[in-house]
Amino acid sequence: MVIDIIKAKIDVVEEIGLVVTLQKSGKSFKGLCPFHNERTPSFHVFAESQTWHCFGCNEGGDVFTFVQKQQGLEFRDALLYLAEKAGVLVEDHSSRNPEEEREITAVKDRLRKVNEDALLWFHQMLLRSREAAEARAYVQSRGISSDSVITFGLGYAPDRWDSLCSYLLGQGYTERELINGGLARDRTSGESEGQEKSSGVYDYFRGRLIFPIRDMRGRVIGFGGRALGDGQPKYLNSPQTLLFEKNSVLYALDMAKDAIKLANQVVIVEGYVDAVIAHQYGTKQTVACIGSAITAKHIQQLKKLTKQVTLALDPDAAGATATEHGIQEALKSFDHTVVPVPLAAASGWRKRNEPRGMIRLEEQVDAEINVLQLPAGEDPDEVIRRDFSLWAYAMSHPLPLVDYYFVAKTAGLNLREPNGKSEVARRLLPVIGMISDRVKRDAYIRKLATMITIDERSLHEELQRVLRGQRAEEAGFPGAAAPRRGTGGVPQSSSFPSPEGTGLDRSRRNRLQWEDYLIGLLLQNPGLSPYVCGIINDGDFAGTDTRELYHILNSIYQRGFSSSNQSFEQLVPSALLATVARAQQCIESRPPRDGAGQVRDAVQCATRLKRTHLLQLNTELKYLVREAEEAGDVVSMQQLQHQLLEIHRQLRTIDSATHLQG
Ligand SMILES: [Zn+2]
């Protein structure tokens, strides 16, 4: 689920490190607490559990809690903030009320309809109108077949001020709708010369070949227009509208998606014509990015279809930059399977603006990113038409990313000069160091050695230095992605849970199942709240989702159901609905309880959660005491010992209370 993905992508140490100056001590980090005033650090961040705790003011939690508290955000906003950072899409409809929702849906439907009508009109223009002769000639000159014209619904916008507008206004659309749909501009703003005074709007697209842009489901959401002749700009896309978001749309994705799955590859080209021609010649796994750069939002959509991304961007200098940019985005956006995110270096913090994705390649990134090699100076559509076999070969033999770097990073360097040689090694060794497969790594070392005629052994030594730096970075970081919560294994009796698994992992899983059960109980019977809130608070939850649900349920209860004008469903962010369902399922799978039984279970759950949390703090404190002891830090040691005693006191209180309950 989305929270887990975010947590796997954002390192709590790194995030907190942006705000608090952290000092590494053993496996944890410490600093001055941002939430209370102190002179000696009692604020600790634990990389292994991805949690933080201040033993001074007793605040603590995970990355979500930190962001919420530090920026004063509600969970919903913290979720949006972190999702954006992690490049994860979060759709949250629950924040709008149903009426607004209906209104927006109605407006969108109307925009779709006006786009659809515009498409038909543009298309008819291209096929039949006399003034479209130049456009038809252009289509032919680019080798676009009449079948493609039909399939892609290509069209023509005449070089007149209000031909489309007057047609659409005649169809009953309002001027406002045309402007909002990105089909017209307001006469009062912007260009105004040489227009007739017939209406308040004029055509957005004029004298252009029109490429309709569709969403994944094939619905027209906008248009791209290529100027005929010397019109400027050469390419004009629909403005941002309620339907059209330039940075997330991929041209032809609706027609490519099946082929992408089938071929298990997506080829990204830059131009509309490139994509049309690629499809026309049967390589339908091709899409074009609209605008110049590939963004995380593009990749988000693609990774549902394939993990093999081939970039076929312009071979010129600007294209190389775009390619590089595309790679960065792709690396950022795919899930990292082995090591979730780049790490804070032992020598200091990764600077804010350092590229993120560059830390780990291939094996770590859950995707294969490669680069299509085409003859210099030729666009994909030209290559396809000139020599399809060349294109087909390039598609099936793209250059792996590392090899691409070998080409890109050596461009312009003189490999015979000593300076050039050392520069190449300096640029490429970090890239080679990213490859975790040893055999592959050795092969690239050999390649580099040959390239700059240097002894392989000295390169290996140099690489070892690079790797040592990287290993230091890895220390103190969990080897796997964020712990997943078991979905099955729902508790069967009050002596649950008893799933398989070992150590930390198991105890965490158990804890999360108890949290689900408690949330389930509270959902079923909000009246249990007062029995529970005397024992635990938000901070005792290990799950981000369960913690927020507890927070919501508790605040609803405290405000009183009757006085609240928002229902529970409206208060729960969409991202948590799955957790609600899971918690309900957890209750349903157990025999029903009467009122007293529910109270008993809720109290037992809360007590267990409190106890588990205290035990966790106890473990962390003991670790910190040992650390301080080894460092000879007497002051810290005394403080920590004191806090340890406090934890023990609380544990005893809990235990005796449990004893009394029988
Ligand atoms: Zn504090």
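No value in this document is a laboratory result; all are computed from the given coordinates. Predicted model only: the values in this text are computed from it and were never measured. Note: ideal-geometry Cβ built from the backbone for every residue, glycine included; neighbour counts use all protein chains shown.
Compared with the alpha-carbon gap, the fully stretched path from Ala581 to Asn618 is longer by 10.0 nm at 0.36 nm per residue.
Computed over neighbours whose Cβ is under 9 Å from that of Val273, the net charge equals -1, Lys and Arg +1, Asp and Glu -1.
Shape class for the range 579-629: prolate, because the ratio a/c of the largest to smallest gyration tensor axis (alpha-carbon atoms, square roots of eigenvalues) is 1.5 or more and a/b beats b/c. Taking a ≥ b ≥ c as the square roots of the eigenvalues of the Cα gyration tensor, the range 395-468 is classed as oblate, since a/c reaches at least 1.5 and a/b does not exceed b/c. Inter-part distance, the range 77-147 to the range 622-662, computed on C-alpha centroids, equals 61 Å.
If you wrap the Cα atoms of the range 1-90 in a convex hull and average its projected area over all directions, you get 5.6 nm². Pairs exceeding a 26 Å alpha-carbon distance, out of Lys284/Lys307; Lys69/Lys304; Lys85/Lys610: Lys69/Lys304; Lys85/Lys610. Amide H contacts under 5 Å for Ile213: Ile221, Gly222, Phe223, Gly224, restricted to partners 5 or more places along the chain or on a different chain, H placed in the peptide plane at 1.01 Å from N. The relative contact order of the range 1-74 comes to 23 percent, based on Cα pairs under 8 Å that sit 6 or more residues apart. Shape class for the range 41-85, computed from the alpha carbon gyration tensor (a ≥ b ≥ c): oblate, with a/c not under 1.5 and a/b at or below b/c. Applying both filters, DSSP loop and at most 16 other Cβ atoms within 10 Å, to the chymotrypsin sites (Phe, Trp or Tyr not before Pro) of the range 556-637 gives Phe561.
Applied to the range 522-536, the Karplus parametrisation 6.51 cos²θ - 1.76 cosθ + 1.60 on θ = phi - 60° returns per-residue 3J(HN,Hα) values of 5, 5, 5, 9, x, x, 6, 3, x, 5, 8, 6, x, 9, 10 Hz, with x for Gly and Pro.
Relative contact order of the range 20-148, taken over Cα pairs closer than 8 Å and 6 or more residues apart, is 9 percent. Can you give the local net charge around His44? Use residues other than it whose beta-carbon is closer than 13 angstrom to its beta-carbon, Lys and Arg +1, Asp and Glu -1. Charge balance near His44 sits at -1. Scanning residues 5 or more positions from Asn237 or on other chains, those with amide H under 5 Å from its amide H are Gly225, with H placed 1.01 Å from N in the peptide plane.
The relative contact order of the range 603-662 comes to 42 percent, based on Cα pairs under 8 Å that sit 6 or more residues apart.
Restricting the trypsin sites (Lys or Arg not before Pro) of the range 388-421 to loop positions (DSSP other than H, G, I, E, B) with no more than 12 neighbouring Cβ atoms within 10 Å leaves Arg416. The HN-Hα couplings worked out from phi for the range 546-557 by the Karplus form 6.51 cos²θ - 1.76 cosθ + 1.60 (θ = phi - 60°) are 5, 4, 5, 5, 4, 4, 5, 4, 5, 6, 4, 4 Hz, whole numbers, x standing for Gly and Pro. Over the range 513-643, the ratio between the Cα radius of gyration and 2.2 N^0.38 Å evaluates to 1.31.
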